[in-house]
Amino acid sequence: MNVMRRIGMVGLGIAFVGALSGAPVFAADKAKTPVADGSKIVITAPKDGDKVSDTFDLKYELTKGSQAAHAHVYLDDQYQKGFKGTFKGVTKGPHTITVTGATKDHDLVEASQTVHVEVE
């Protein structure tokens, strides 16, 4: 067996053992713990369980704590970079919207709220 193949097998073994232990296996798997800074997020529209069209507005209130500077919006766990307040052309079916507070460096704070909507 060549050396590179052995190294690959060792790496897989380490990953397997790490996965069994519940520990992060690779550096990319290590998520930062959200900052507890006293911030609060409230999604005011749409409400959880609402039926919406394929284009709809998202409204939320961010009460900034000691470190929150802005909010990040996620649609079905996908970050909506540069989100301006309106979802457009969302596919029919169930969707999850999450708004989470973030610091000026884009580290997340604990303030977060999630709602589920049905696009008709």
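Summary table below
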item: Charged-residue dipole, Cβ positions (Lys, Arg, Asp, Glu), segment 40-119 about Cα centre, Debye nearest 20; result: 260 debye
item: Reach of LYS51 by Cα under 13 Å, taken over aspartates and glutamates that are not fewer than 8 positions away in the same chain; result: GLU118, GLU120
item: Under 12 Å, Cβ to Cβ, from HIS116 - net charge with Lys/Arg +1 and Asp/Glu -1; result: -2
item: Spin-label proximity, LYS92 to segment 54-68 - amide N less than 19 Å from point 7 Å beyond Cα toward beta carbon; result: 54-56
item: Distance violations [Cα-Cα > 28 Å] among LYS40/LYS88; LYS59/LYS81; LYS59/LYS104; result: none
item: 12 Å Cα-Cα reach of LYS32 towards aspartates and glutamates, excluding residues that sit fewer than 8 places from it in its own chain; result: ASP107, GLU110
item: Computed label-point distance, nm, for sites PHE56 and HIS116 using a 7 Å Cα→Cβ extension; result: 1.4 nm
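Coordinate-derived values only; no laboratory data. None of the values given here were measured: they were computed from a predicted structure. With ideal geometry, Cβ positions are generated from the backbone for all residues, glycine too; neighbour counts draw on all protein chains shown.
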